[in-house]
1. Multiply the residue gap between residue 242 and residue 404 by 0.36 nm, knock off their C-alpha separation, and tell me the result in nm, one decimal place.
2. Can you list the aspartates and glutamates whose alpha carbon sits under 13 Å from that of residue 388, skipping same-chain ones fewer than 8 residues off?
3. Just to verify a number: what accessible area does residue 373 come out at with the full protein assembly present, 1.4 Å probe, Å² rounded to tens?
4. Assigning unit charges at the beta carbon (Lys, Arg +1; Asp, Glu -1) and nothing else, what dipole magnitude in debye, to the nearest 20, does segment 340-379 show about its Cα centre?
5. Could you tell me the relative contact order of segment 198-241? Use alpha-carbon pairs under 8 Å, at least six residues apart, and round to a whole percent.
6. If Lys and Arg each add +1 and Asp and Glu each add -1, what is the summed charge of the other residues whose beta carbon sits under 9 Å from the beta carbon of residue 379?
7. Within the set of other residues whose C-beta is less than 14 Å from the C-beta of residue 61, count the net charge using Lys and Arg as +1 and Asp and Glu as -1.
8. Looking at segment 48-146, which trypsin sites (Lys or Arg not before Pro) are DSSP coil and have at most 15 other C-beta atoms within 10 Å of their C-beta?
Amino acid sequence: MKNFAKLLVMALVVTLFASLFVFSASAAAKTPAGFDPNTLKPSSDAVIFIKDAERDPVTGAMTGTIEGDGTGKTPDNPLRPTEHPNYDATASSPKKYLQTAFYQATEELKETGGTIVFVGPVTLGINESYGSSATNRDVLTAEFGKSNKVIKFTSVYNGVDYRQTADAKLIIEKPAHVGVLGSSIWDDITVVTEEERMFWFDEYATLIGPGFQCVPNDENQEGVAAHYLSLNMGHRYQKRSNENPTLVVKGGTFNRIWGANWGITANYPVKNSTVNITLEGTTRVLGMITGSCSSTKLDFGGNVTITINGGTYTECDIFGVGPTGLTNADGRVTIKINDGIFKDLFSIAEVQPEHTNNAPAVSVLDLSGFKGEKIQMAYILDVMETFKEVKLPAGVTEQELADLLAAVPPETDAPVTDAPVTDAPATDAPATDAPATQKPATQKPATTPAPTDNGEEGGEFPTAIVIIAAVAVVAIAAVVVVIVLKKKKAAK
């Protein structure tokens, strides 16, 4: 009997430790290792429709009212936000996002998951965000990831494309960035930005579908990197460890995509994380792809895999690891490219130049499964830097690709021709009092400096002075990198 009791006690102890291990393992990472975002789907059939009421064209404040009963249950009855019980208008930095239909829709779905349908324009800007910075504040969703639920955000539902019928779109204005606190799907929706704004996904598995569109609000800035949305798999101002941020992007044009935290202070490092980013379809990146943190202040430790199955990556940099390198000495970086357009790619490297901390112990540029035109592989190798291993398709050699590149006719500017000389007397243009104007030239940068942190009060945010100094350092560093890369490319 005593032996049985001892065995029973031992069994209970083992069970207790096992249960603690299971809990800690499940709680350690929001995205399970090896999870495929392609399998994401809304966790329920629940649907909420949202749009803005009419807005004042000057202040941006909503002056109209939402039609219908305000329940959000049908397109004709979009959600009418109510006074949120946690909103404190007297706070030094009121959480204005609590008052939005965008937040309240995610709050309604946080225990069930479901679909949020934009049936008209929705603006998230200074009137809807939280913080005190003039450049970086936040609009958050409810924390639906705590319930392991999935929410889809779209403008197409039940056969109706509200982008076509009601000008549905999500407009993100300075200083707002959008923090999505749960696994999500974004598809068949248009995001409009004036300058680079951010979606950050807090390590939750995320799927950006083929119908996702990003456009600048000024058509004259089309194709200029700094005017497009960026995607970040980390958090704005929290430490992270033992995470598996996983992102699949099938469409949309972006400035930057990176796999871990962003900000300007060293207070929010990332440790022991495994980043997985997959880009394909009609995805286009204009600025930079980085598997880790993009800030010169944020340390990163872990491993990175970037897979490119298609898309366009011209005038873009691809770095396995960002400017702080790796805090671990055994890090692995794999960049696997199976297809895509890479003409005029600026650079591709295991780690960003002049990095701090460690370079990856193992780094692989894997082109062995490339299915596109061989010349695209030649463009990649032409700007490749510092990979410890390069894999090519069977039967393809580096010399063959170099010969293909050498055979490409050089691009030349249109010849300059002098105007024919005539005997007609020169005449001065009539004088006017109107001042001469000239449209400022715009330049598409290879990289853009990381946005500053939001500088909010309360101890977990940096002061404005730190922000200004850090931004200056980041901007100088970015310019140096751009100049070095462009000189290197010109030399070739």
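The values are calculated or read from the model by the stated rules, or taken from the named source; none is laboratory data. Just so it is clear, the model here is predicted, and its values are computed rather than measured. Cβ: placed from backbone, ideal geometry, glycine included. Neighbour counts: every protein chain shown. Keep in mind that these areas ignore ligands, DNA and RNA; they rest on the heavy atoms of the full protein, side chains included. Shrake-Rupley method; radii C 1.70, N 1.55, O 1.52, S 1.80 Å.
1. Working it through step by step, the gained length comes to 53.9 nm.
2. Result set, ordered by chain and number: 350, 366.
3. We get 120 Å² for residue 373.
4. Details: 3 positive and 5 negative charges, 39 e Å.
That gives a dipole near 180 debye.
5. Details: 33 pairs, mean separation 26.9, N = 44.
That works out to 61 percent.
6. On the way: positive: 343; negative: 344, 382.
So the surrounding residues net to -1.
7. Working: positive: 55, 96; negative: 52, 54, 56, 128, 173.
In short, -3.
8. Values: sites: 51, 55, 73, 95, 96, 110, 137, 146; in loops: 51, 73, 95, 110.
Those satisfying the criteria are 73.
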